[in-house]
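Worksheet for the structure shown next.
Please treat every number below as a calculation from the coordinates, not as lab data. All values reported here derive from a predicted model rather than from experimental measurement.
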Amino acid sequence: MSVAASAWLLSGDTIMIAAGDSTLVYDLNAVSRVEVSRGRKSHWLAGAGIGFVVGAATAYVALSSGGSTSTCDQSANQDAVSTGGCIALAALVGGVPGAGLGAVAGLFRCRAVHSQRALAGRSGR
């Protein structure tokens, strides 16, 4: 059974849940799983920033390695892209996809509590 609630409180062996205009009371021993969501707050922007930096740095390292065929290592390849161009290329090739993946990963904030012991002494709103 699934119940959407705005607040809950543990009292002895029962859990009281505020759902809409009513209060539901359940025997705690009958509850096998409680999922807690802290709302729709997300960290998509932080995820996008971290993903961009990690993706761009990874792409820069990959573009700078490779010896005489390196795209960005001018000391090994006379036709290599300039440093500024290489940074821009790394941002495009690695940073943009990394930012997208990081933003998606930052959207999700939900955790499940699987044991009654984990609920002991807690209440939520």
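Annotations
- ³J(HN,Hα) computed for each position of region 77-94 - Karplus, 6.51 cos²θ - 1.76 cosθ + 1.60, integer Hz, glycine/proline x: 9, 5, 9, 5, 6, 5, 4, x, x, 5, 5, 5, 5, 5, 5, 6, 6, x
- For region 5-105, the fraction of alpha-carbon pairs in successive 10 Å shells from zero, as %: 15, 24, 14, 13, 12, 11, 9, 2
- Full extension of the segment from Ser42 to Ala57, taken as 0.36 nm per residue of separation minus the current Cα-Cα distance, would add 2.9 nm.
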